[in-house]
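Participant: Below: one structure in structure tokens.
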Amino acid sequence: MRRDNQHWAALSAPPGQRERCDAQGLADYRRTFLADNRLSEHWTRHKTPVFTIAEIGFGCGLNFLLTWDLWRQRGNPDEGARRLHYIAIEANPPHRTELSATAAHCTALAPLAAALCAQYPQPLPGVHRVVFDTGTVILDLWWGPVEDVLADLRQAGVPLVDSWYTDGGRGTVTAGELPSAQQSQLAALGRAHSTADGEHPTPAVTAPARLQPRWDQPWHSSAPPAAVLVLGAGLAGCHTAAALARRGLAVTVLESGEPAQRASGNAQGVLYTRLSHRHSALTDFALASFDFAVRQYRHDFAAGRLREGLDGALCGSFHQVQDSRELDRMRMLLTKVPELAQVVDAAQASQLIGLEQHSAGYWYPQSGWLSPPAVCAALLRQANVTLQAGCGTLQLVRSGHQWQAVNANGQVIAEAPAAVVAAGTACSSFAGLEWLPLRAIRGQTTQLPSLTALAPLRAALCHRGYIAPARAGEHCIGATFGPGDCDPNLRPADQAYNLAQLTAALPTLAKALDALEDTPLAGRTEWRCASPDYLPLVGPVPEREAFMQRFAALRDNARQPVAAQGVYLEGLYLNTGHGSRGLTSTPLAAELLASQLCGESLPVEPETLRALAPARFLLRDLGRNRI
């Protein structure tokens, strides 16, 4: 999607009535978009697991709510389509208050409208995924101009949509009003039939026009695999397993030791994102993944899968910022999205977190802290997920159409048509993945007793380190940052460093913290897995030699476009390199992988997809004549 440097300034809806929500209005919409389109009949006859509907013009979501309501009322859920995927395109997204008004007036749809309000994303350009009913209903909200969104969706190169809603009754764009080029794009996205309101017929669905081959096209099976192996039971692996299991796939998680014992084993971590007034792939993914993660964890707390205060708390977080010019640049932009972040001065920050602050910075009202081991445990408890711990060192071997996990004794302990390697820094120890440019960054955390002076802390604080309200009588603080440092020992100097950073951030607590100088404190040392560009590696694994041969021309001219399809190992995917932001980035990364494996519309824009693709490093090294 095209953006200027102020790419994530909030979109806003023009004033005015969006939809009729009285009894007659609901009856009209039910007749127009449900009965006349024979959706129940199409769902029953559908031959694939997912039925995808796309709508041009989301309004206040009435069409989606009516469709969701009908979906819940369908007969045998095991007959025909088993999951509903709804894509909505809206250039002027409504404010949450407009959705709340819909919920107030549509009593028949009130529970669904309330659920939509609770999971409603920020009005930031791009695609925002919302998951309902344990994954049987997925809503993708594309905030942006219709022509840009259709172009992005079409880059998938495969038909995605089974049915279109193109309603002209609310002042939204209809298929008949689209320019001919956009009508062709809409038709190319369809794969079965299309529906409209009778006054603005949708063009007949045709085969998609032939697109220029692209290097980032992942492998798509003709049907989703029945089973998947996930290697690694940290945040990346557990979120991946849960996302696949929500789609009804049988997932086996293989862990060399115990779950969440490596980089995902810290007692506490903070939900963190990156703000910038400039457009970049790093910022785009940081914002999108933060918004998705906050909504997912909030839903997990509401559903009882996570326990408030023990497994975490979305109590907000304050991030100190010393650069006043940065805050000045961001202040006006953030006034449009106060639920995302706000610029606050030291006095405001002091009131928000409960402890005196001497620095201005960003307040993230929906952020907070989580216990990564507790998050992993909750994800592994989901249906369709089986954990095999204590596997020791494993290798993956391709045998026919199966990926086999082989232990150190040469025994096959599990197999499946597809596999996802989510083993952190150990990913490059798998045969065929030695080329991955992964960096191991040592981090040491310190367990601090719950001091009386820290008792007023009611939100997370990020400075050069971090601290959150106490969990089980302790605060986990830190962490050090040591690229290339291989020392596994708990170092007193690093413990002292963590305390010194906290003292600098909270100088009024200096006396209480200094008293701990000679007290032996617990802690742990582990290695974060990071990439050279600080973005994770998420997507299909390229077949290295064949990929390099196909794109060898980049060695002579790194800027020349090469119209060639990427070459990938069938059914093998990667999810790693999340660095210190795993709590934030792994939920959306898992959704992306699950969508790729199941041939669905993706929850990220094409630019972000390419920025995360593991094969990007092969293209980079070819262009620099490194390989």
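Participant: Please state the shape class of region 477-599: rounded when a/c is under 1.5, otherwise prolate if a/b exceeds b/c and oblate if not, all from the C-alpha gyration tensor.
Facilitator: Prolate, since a/c reaches 1.5 and a/b exceeds b/c.
Participant: To the nearest Å, what is the center-to-center distance of region 587-619 and region 259-331, using C-alpha atoms only?
Facilitator: 20 Å
Participant: Name the shape class, rounded, prolate or oblate, that the alpha-carbon gyration tensor gives for region 579-627, where a ≥ b ≥ c are the square roots of its eigenvalues, rounded holds for a/c under 1.5, and otherwise prolate holds if a/b is larger than b/c and oblate otherwise.
Facilitator: Oblate is the answer for region 579-627, as a/c is 1.5 or above yet b/c matches or exceeds a/b.
Participant: Would you mind classifying region 78-145 by shape? Square roots of the alpha carbon gyration tensor eigenvalues, ordered a ≥ b ≥ c; an a/c under 1.5 is rounded, otherwise it is prolate if a/b is larger than b/c and oblate if not. Before the final figure, lay out each step's value.
Facilitator: Details: a/c = 2.21, a/b = 1.15, b/c = 1.93.
Taking the square roots of the gyration eigenvalues as a ≥ b ≥ c, region 78-145 is oblate.
Participant: Within 10 Å of each residue's Cβ, count the other Cβ atoms and sort His128, His105 from fewest upward.
Facilitator: Exposure proxy ranking, most exposed first: His105, His128.
Participant: Calculated from DSSP H runs of 4 or more alone, at -39500 (n - 2.57) each and per residue, what is the 222 nm mean residue ellipticity of the chain, nearest 500? Please list the in-between numbers first.
Facilitator: Values: 18 runs with 183 residues, N = 627.
Value at 222 nm, helices only, nearest 500: -8500 deg cm²/dmol.
Participant: For the chain, what is the relative contact order in percent, using Cα pairs closer than 8 Å and at least 6 residues apart in sequence?
Facilitator: 15 percent
Participant: So, counting K/R as plus one and D/E as minus one, what does the shell of residues with Cβ under 14 Å around Ser350 add up to?
Facilitator: Here the charged neighbours net out to -1.
Participant: Please identify the chymotrypsin sites (Phe, Trp or Tyr not before Pro) of region 375-440 that satisfy two criteria: DSSP loop assignment and at most 12 other Cβ atoms within 10 Å. Which are they?
Facilitator: none
Participant: Here is a further query. In whole angstrom, note down how far apart the Cα centers of region 88-158 and region 458-503 are.
Facilitator: After rounding, the separation between the Cα centres reads 39 Å.
Participant: Further question on the same structure: Which value in nm describes the separation of the simple spin-label points at Ala347 and Arg96, placed 7 Å from the Cα toward the beta carbon?
Facilitator: Label at Ala347, label at Arg96, 2.7 nm between them.
Participant: Related question: Could you tell me which label, among (1) 7; (2) 50; (3) 11, carries the value of percent of Cα pairs over 50 Å apart calculated for this structure?
Facilitator: Checked against the structure: label (3).
Participant: Can you give the relative contact order of region 351-439 as a percent, counting alpha carbon pairs under 8 Å and 6+ residues apart?
Facilitator: Computed value for region 351-439: 14 percent relative contact order.
Participant: Can you put Asp284, Asp328, Asp300 in order of Cβ neighbours within 10 angstrom, beginning with the fewest?
Facilitator: Working: Asp284 24, Asp328 10, Asp300 19.
Final ranking by Cβ density, sparse to dense: Asp328, Asp300, Asp284.
Participant: Sort 43-51, 553-561, 509-517 by packing, meaning the average of other beta carbons within 10 Å per residue, with the highest value first.
Facilitator: Going by the mean number of other Cβ atoms within 10 Å, highest first, we get 43-51, 509-517, 553-561.
Participant: Using 0.36 nm per residue of separation minus the Cα-Cα distance, give me the extension gain between Ala27 and Phe481 in nm, one decimal.
Facilitator: Using 0.36 nm per residue and subtracting the Cα-Cα distance, I get 157.4 nm.
Participant: By how many degrees, 0 to 90 and rounded to 10, does the Cα axis of helix 582-597 deviate from the longest principal axis of the chain?
Facilitator: 30 degrees
Only the coordinates and a few stated rules stand behind these numbers; no lab work does. Note that this is a predicted model, so its numbers are computed, not measured. For neighbour counting, all protein chains shown are included, and Cβ atoms are generated from backbone atoms with ideal geometry for every residue, glycine included.
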